[in-house]
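These notes are about the structure you will find just below.
The values are calculated or read from the model by the stated rules, or taken from the named source; none is laboratory data. What you see is a predicted model, and the numbers here were worked out from it, not measured in a lab. Note that we place each Cβ from the backbone using ideal geometry, even for glycine, and neighbour counts take in every protein chain shown. Protein only, heavy atoms only, side chains kept; ligands, DNA and RNA dropped before computing areas. Shrake-Rupley method; radii C 1.70, N 1.55, O 1.52, S 1.80 Å.
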Amino acid sequence: MPGTPTALARIKDAVVANWARLVLGIVSISVFIACWASVSYYLSESGNSLSPYLPGPLPVAEAFLDSFSDSVPGLTDTTMWDMIASSLIRVFWGFVLAMVVALPMGLAMGSFRVLDAMGKPLVEVFRPIPPLAWVPVFLMVFKSFWGPIGIVFLGVFFPILLNVIFGVKNVDQRLVDAARTLGAKRGTIFTKVVMPSIVPYMMTGIKVGLGVGWMCIVAAEMMPIQGGTGVGYYVWLSADYGRYDFTYATMLVIGLLSIMTTGVAEIIEKRVSRWMGLR
């Protein structure tokens, strides 16, 4: 059939490309683990004072599995599941609040020059301030629940806001003019032209913001006033008790949580893009 070889060739190329990426990923992880194990073994065998601070991959893997069934060092009836749940709740609400504020604000600033001129100075003043600089104030004022959520909000807010503004300003004007020529009203242009065009930019901001959000929540949860929950507190507490295998295991959990939330964002992006006819 005409066109069949081309289709089969595309499928074959896609499979080969994916397998190549998979193999390269496995190789890079294997090399990292081998280097980690070698350094840990050398420190242990040489009696180096740094040896307790760098357990090998196997003890960390065992601690990773045990953390989901054993109690957190220094706490009773609290496991990794409880800490993950606390952090996920805070990241979720911080992300939702950032989206609720950043999306309409970005659309408004990107669409109207007056609002952009009014809002840009404030954005440029507060954007360079690291969210972690607000940790002491937020935790003192908003306490253990809303304080970390506020820190996540700041970490997620600016990447989404700036990407939405950039997306709106880069909407293809020819599409807007074509829609107007066909008699489309402002609301139709917004929903059928502007919104689909900014989806890739918005999703980029979301994925960057989620990464920053996880860094923020871990730092906020390490503060004693925070109340003693979350994966950040687990990192601090396990290190305080000298259980560095659990410390590294929790770091692994944080990385997996970040990958999971970013993966969910990518799935949503694909579905939204398909729904809007972009794919």
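Data for the structure
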| quantity | calculated |
| --- | --- |
| Some residue of region 121-134 being in contact with a Gly (Cβ under 9 Å, 6 or more places away or on another chain) and either at positive phi or of a type in the set (Val, Ile, Thr) (or both) | no |
| Neighbours by Cβ (under 6 Å, 6+ apart or cross-chain): first from region 161-187, on the phi < 0 side of the Ramachandran plot; second modelled with pLDDT of 80 or more and hydroxyl-bearing (Ser, Thr, Tyr) | 163/201; 163/204; 166/201; 167/201; 168/111; 171/197 |
| Flag for residue 20 being open to solvent by less than 80 Å² (accessible area, probe 1.4 Å), at pLDDT 90 or above and not acidic (Asp, Glu) | no |
| Any hit, region 221-232, residues being in contact with a Pro (Cβ under 7 Å, 6 or more places away or on another chain) and among the charged types (D, E, K, R) | yes |
| Criterion: part of a helix (DSSP H, G or I), modelled with pLDDT under 85, open to solvent by 70 Å² or more (accessible area, probe 1.4 Å) and out of contact with any Gly (no Cβ under 7 Å at 6 or more places or on another chain) - qualifying residue of 166, 145 | 145 |
| Residue count for region 169-210, restricted to those that are part of a loop (DSSP other than H, G, I, E, B), open to solvent by less than 40 Å² (accessible area, probe 1.4 Å) and within 30 Å of residue 263 (Cβ to Cβ) | 1 |
| Output for region 69-88, where each listed residue is free of Cβ contacts under 8 Å to residues at least 40 places away in the same chain, open to solvent by 50 Å² or more (accessible area, probe 1.4 Å) and either closer than 22 Å to residue 36 by Cβ or assigned to a helix (DSSP H, G or I) (or both) | 81 |
| Failed item in (1) in a helix (DSSP H, G or I); (2) open to solvent by 30 Å² or more (accessible area, probe 1.4 Å); (3) closer than 20 Å to residue 53 by Cβ, with residue 242 passing the rest | (1) |
| Any hit, region 222-231, residues being in contact with a helix residue (DSSP H, G or I) (Cβ under 7 Å, 6 or more places away or on another chain), open to solvent by less than 40 Å² (accessible area, probe 1.4 Å) and modelled with pLDDT of 90 or more | yes |
| Among (1) open to solvent by 60 Å² or more (accessible area, probe 1.4 Å); (2) under 24 Å from the mean Cα position of the chain (by Cα); (3) farther than 19 Å from residue 258 by Cβ - the single one residue 45 does not satisfy | (2) |
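Conditions (1) open to solvent by 70 Å² or more (accessible area, probe 1.4 Å); (2) under 27 Å from residue 186 (Cα atoms), marked per residue:
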position	(1), (2)
95	no, no
100	yes, yes
105	no, yes
111	no, yes
118	yes, yes
127	yes, no
130	yes, no
134	yes, no
